[in-house]
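Novice: Here you go, one structure.
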Amino acid sequence: MTFHKIIYTTILLITAGTLHVMAQDPTKPKTEEKAVTEEIEVVRPYKPVLAEAVKLRRSPDLNDVKTYKARFNYSLTDRKLELNSDINKLQAQEVAAEREAELINNYVKGGFGTAKTIFGEAYVNIGKDEAMQAGAYLQHLSQSGKLNKQQSSQQRLSVFGRSIGETATLSGRVNFQRNGLYFYGIDEANPALNPNPEKQTLNFFEAEGEVVNKYTDDPDAFSYAAKVNGYIWSDKFSAKENSIVLNGYMNKRISSFNLGLAASAEFGGTKDSITDVGNNILKLNPYIRLQTHGVKINAGINFVQEFGDFSSTRIFPAVTADFTLIPDYLQIFGEVKGDVNRNSLKQYTDENPWLNSNIEIRNTVEKLSISGGIKGTGGPGFGYKARIYHKRIEDMPLYVNSFSSFNKFDVIYDFGTMKLTGLEGELSVQVSDALKWTGRLNFEDYKPAAETQSWFKPQMRLSSDLLYNITKQISLTASVAIQDDSKAKVYLAAPAKPYLIPDPLNEQVVTVKGFVDLGAGANYKINNKFSAFIKVNNLLDSSYSRFLYYQTIGMNIFGGISYSF
């Protein structure tokens, strides 16, 4: 075979193979005249293959084509279109009513302890009422000491009421008090002088009514008040006393000024087996008051007319001033005044219940009293007051042991004008609701007019009280009373009657020692109804005396239960 034949044969084979391949491609049209001109697309169906775990056991319903139609309610408001561009007033939202606390107005308390102590107390009230208030109080306390007939008992009953009207407030009260005791005084140098002490009973009945107009902010307001008080007093023997006191007050405000008048009329009488005294006093106190910008000045006079067994007319100054230097923190005050004090057996027996019979009654004249000091607060819970005073007093009453009955006391008067200079201080501290402390201190210097001493008048007296709430259930109380030495007069022979001028050669001065009296107590609140208490008096168990020959009961402890409702 020649070389040329081989080349032609190879070209022919290649051309034939190419045409064969082109005939098998369906996407390309054939160039031959007899080729099909319509394009045909062949698609094989897709058959998915799922695993056995995800196959559906039933076919979904494709015909569920329900649609949700919401229902709407329309409320059309016919409201006028406002074109006001001003700022509307904001309406305050009403606060929800606070739940009222449950008030417990009544309680009953009872207990007993050493020294044959029996204690009972009760208080009842009608409850919360803005227009009417009424209630009653009852107390009993009895004790016995180691000395012969060293016994005492006291009962108190009080009923009160108040009605608050639109223009005035009416109030009234009725009190009854009974003190039972013995003249158990004993002279340690002669203990057999009082083998059978006499018994004494003091009865007191009082009634009082008052009307006061309600306060108003009117700068030209007229205010008034009126009160009437009367009492009947008697003892186991022949002494009797009665008194009626009428008080009135009127005040007219004119801008920063006040024009007013205070008046009182006291009518009373004291009777005993050989004494009968009528003692009446009329007092008028016109004044003018200026109150503005931390300054308060009250200037007036005190007109006093005595009538009855005593007759005199006196006019005293009545001036007070109060200046605020630092609001709520520091105030300076001063006073210049004079007055006549009506003395009575009720007043004397409240201080010294072992009085003799046929006590002389005279009034005490406070010729001039000048005082001044400072007061204010040192922050929340701290208050203070300090005052210095000087008084000139005529016919000052004093107690002395009777010559005929050493364990009874007569009342004498320091005839003339005695001078008294004193210093008084008060403190009050309240750290929180859990701790509160108060204290008071008095220093007094007496310069008698005719007597050698101011009998039974100590120069220094101190008292203090403490309250500490440990928890809401437990609270502690403590108190202390301290008194300096005082002097007593013992007659060596019977004094002159009537008694006018003392005879130093016929009297002996005895020192009554001072004392310190400590007390403590505790309260435990069991629940809202019940609580328990305990109290200890005279912790030092000292047998001190306030008046000569009369020792107090030593340390005594008593406790009990109280119920609130």
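Novice: Of all residues in the range 460-472, count the ones that are in contact (Cβ under 8 Å) with a residue 12 or more places away in the chain and not in a strand (DSSP E or B). Don't jump to the end; show me each part of the working.
Specialist: Just the residues of the range 460-472 that are in contact (Cβ under 8 Å) with a residue 12 or more places away in the chain, to begin with: 460-470, 472.
Those left that are additionally not in a strand (DSSP E or B): 470, 472.
Number of matching residues: 2.
Novice: Output the number of the condition that ASN179 fails; it satisfies all remaining conditions of (1) in a strand (DSSP E or B); (2) free of Cβ contacts under 8 Å to residues at least 40 places away in the same chain.
Specialist: Every listed condition holds for ASN179 apart from (2).
Novice: Considering only residues of the range 161-207 that are in contact with a Phe, Trp or Tyr (Cβ under 8 Å, 6 or more places away or on another chain) and over 26 Å from THR117 (Cα atoms), which is surrounded by the fewest Cβ atoms within 10 Å (Cβ to Cβ)?
Specialist: LEU193
Novice: Got a sec? Which of LYS472, LYS447 is modelled with pLDDT under 95, of a type in the set (Lys, Arg) and farther than 15 Å from ALA386 by Cα? Give the derivation first.
Specialist: Values: LYS447 fails: modelled with pLDDT under 95.
Going through LYS472, LYS447 in turn, just one is modelled with pLDDT under 95, of a type in the set (Lys, Arg) and farther than 15 Å from ALA386 by Cα: LYS472.
Novice: Continuing with the same structure: Restricting the search to the range 508-565, which residues are hydrophobic (A, V, I, L, M, F, W, C), surrounded by 16 or more Cβ atoms within 10 Å (Cβ to Cβ), under 30 Å from LEU193 (Cα atoms) and in contact (Cβ under 8 Å) with a residue 40 or more places away in the chain?
Specialist: Answer for the range 508-565, where residues must be hydrophobic (A, V, I, L, M, F, W, C), surrounded by 16 or more Cβ atoms within 10 Å (Cβ to Cβ), under 30 Å from LEU193 (Cα atoms) and in contact (Cβ under 8 Å) with a residue 40 or more places away in the chain: VAL512, PHE547, LEU548, ILE553.
Novice: Would you mention how many residues in the range 428-454 are among the β-branched types (Val, Ile, Thr) and outside any strand (DSSP E or B)? Steps first, please.
Specialist: Quick first cut of the range 428-454, residues among the β-branched types (Val, Ile, Thr) only: 429, 431, 438, 452.
Of the ones still in play, those that are also outside any strand (DSSP E or B) are 452.
Summing the residues that are among the β-branched types (Val, Ile, Thr) and outside any strand (DSSP E or B) in the range 428-454 gives 1.
Novice: Only one residue in LYS457, LYS489 is touching a residue at least 40 places away in the same chain (Cβ under 8 Å), over 20 Å from VAL431 (Cα atoms), outside any loop (DSSP other than H, G, I, E, B) and not hydrophobic (A, V, I, L, M, F, W, C). Which one? Even if it seems obvious, please write down each step before you answer.
Specialist: Details: LYS457 fails: outside any loop (DSSP other than H, G, I, E, B).
Criteria check complete, one pass: LYS489.
Novice: Run down THR471, THR452, THR438 and say which single residue is within 23 Å of ASN352 (Cβ to Cβ) and either of a type in the set (Val, Ile, Thr) or exposed (fewer than 15 other Cβ atoms within 10 Å of the Cβ) (or both). Walk me through it before giving the result.
Specialist: Numbers: THR471 fails: within 23 Å of ASN352 (Cβ to Cβ); THR438 fails: within 23 Å of ASN352 (Cβ to Cβ).
Of the residues listed, the single one that is within 23 Å of ASN352 (Cβ to Cβ) and either of a type in the set (Val, Ile, Thr) or exposed (fewer than 15 other Cβ atoms within 10 Å of the Cβ) (or both) is THR452.
Novice: With the condition being of a type in the set (Phe, Trp, Tyr) and free of Cβ contacts under 8 Å to residues at least 24 places away in the same chain, I'd like the strands (runs of 3 or more DSSP E) fully within the range 218-317 carrying at least 1 qualifying residues.
Specialist: Working: elements: 222-234, 240-254, 257-271, 276-292, 295-308.
Here the list reads 295-308.
Novice: May I ask you to list the residues in the range 357-372 that are of a type outside the set (Lys, Arg), surrounded by fewer than 19 Cβ atoms within 10 Å (Cβ to Cβ) and in contact with a strand residue (DSSP E or B) (Cβ under 7 Å, 6 or more places away or on another chain)?
Specialist: Applying the first criterion (of a type outside the set (Lys, Arg)) to the range 357-372 yields 357-361, 363-366, 368-372.
Of the ones still in play, those that are also surrounded by fewer than 19 Cβ atoms within 10 Å (Cβ to Cβ) are 357-358, 360, 364, 366, 368-372.
GLU360, THR364, GLU366, LEU368, SER369, ILE370, SER371, GLY372 - these are the residues of the range 357-372 that are of a type outside the set (Lys, Arg), surrounded by fewer than 19 Cβ atoms within 10 Å (Cβ to Cβ) and in contact with a strand residue (DSSP E or B) (Cβ under 7 Å, 6 or more places away or on another chain).
Novice: Then there is this: (1) in contact with an Asp or Glu (Cβ under 6 Å, 6 or more places away or on another chain); (2) buried (at least 18 other Cβ atoms within 10 Å of the Cβ): which one isn't true of VAL340, the others all being true?
Specialist: That leaves (1) as the condition not met.
Novice: Name the residue that is surrounded by the fewest Cβ atoms within 10 Å (Cβ to Cβ), counting only residues in the range 104-158 that are outside any strand (DSSP E or B) and touching a residue at least 60 places away in the same chain (Cβ under 8 Å). Step through it out loud before you land on a result.
Specialist: Narrowing the range 104-158 to residues outside any strand (DSSP E or B): 104-106, 114-116, 126-131, 145-150.
From what's left, touching a residue at least 60 places away in the same chain (Cβ under 8 Å): 104, 106, 114-115, 145-147, 150.
Details: ILE104: 12, ASN106: 16, THR114: 15, ALA115: 19, GLY145: 18, LYS146: 10, LEU147: 18, GLN150: 20.
The qualifying residue surrounded by the fewest Cβ atoms within 10 Å (Cβ to Cβ) is LYS146.
Novice: OK, next. Tally up the residues in the range 229-249 that are crowded, with 16+ Cβ neighbours inside 10 Å and within 32 Å of the chain's Cα centre (by Cα), please.
Specialist: The total comes to 8.
Novice: Next question, about the same structure. Taking the range 326-352, which residues are of a type in the set (A, V, I, L, M) and either without any contact (Cβ under 8 Å) to a residue 12 or more places away in the chain or not in a strand (DSSP E or B) (or both)? Write out each step before concluding.
Specialist: Within the range 326-352, the subset of a type in the set (A, V, I, L, M) is 326, 330, 332, 336, 340, 345.
LEU345 - this is the single residue of the range 326-352 that is of a type in the set (A, V, I, L, M) and either without any contact (Cβ under 8 Å) to a residue 12 or more places away in the chain or not in a strand (DSSP E or B) (or both).
Novice: Shifting gears a bit: ASN196 is checked against (1) in contact with a strand residue (DSSP E or B) (Cβ under 9 Å, 6 or more places away or on another chain); (2) in a loop (DSSP other than H, G, I, E, B) and fails just one. What number does that condition carry?
Specialist: (1)
Novice: A follow-up question, please. What residue, among those in the range 178-228 that are charged (D, E, K, R) and under 20 Å from ASP350 (Cα atoms), is farthest from the chain's Cα centre (by Cα)?
Specialist: Of the range 178-228, the ones charged (D, E, K, R) are 178, 187-188, 198-199, 206, 208, 210, 214, 217-218, 220, 227.
Cutting the leftovers down to under 20 Å from ASP350 (Cα atoms) gives us 178, 198-199, 206, 208.
Details: ARG178: 27, GLU198: 41, LYS199: 38, GLU206: 25, GLU208: 23 Å.
Taking the candidates together, the pick is GLU198.
For every residue, the table says whether it meets (1) in a loop (DSSP other than H, G, I, E, B); (2) out of contact with any His (no Cβ under 8 Å at 6 or more places or on another chain); (3) modelled with pLDDT of 95 or more; (4) not charged (D, E, K, R).
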| site | (1), (2), (3), (4) |
| --- | --- |
| SER357 | yes, yes, yes, yes |
| ILE374 | no, yes, yes, yes |
| ALA386 | no, yes, yes, yes |
| SER405 | yes, yes, no, yes |
| ILE412 | no, yes, yes, yes |
| GLU426 | no, yes, yes, no |
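Novice: Can you confirm whether the range 536-557 contains a residue that is part of a strand (DSSP E or B) and over 30 Å from GLY110 (Cβ atoms)? Walk me through how you get there before you give the answer.
Specialist: Taking the range 536-557 and keeping what is part of a strand (DSSP E or B), we get 536-537, 545-547, 550-551, 556-557.
Still in the running and over 30 Å from GLY110 (Cβ atoms): 545, 547.
Yes, the range 536-557 contains a residue that is part of a strand (DSSP E or B) and over 30 Å from GLY110 (Cβ atoms).
Novice: Conditions: (1) touching an Asp or Glu at 6+ places or on another chain (Cβ under 8 Å); (2) under 30 Å from SER545 (Cα atoms); (3) among the charged types (D, E, K, R). ASP350 meets all but one. Number of the miss?
Specialist: (1)
The values are calculated or read from the model by the stated rules, or taken from the named source; none is laboratory data. Since the structure is predicted, the reported quantities are computational estimates derived from the model, not experimental observations. As a convention, Cβ positions derive from the backbone with ideal geometry for all residues, glycine included, and neighbour counts pool all protein chains shown.
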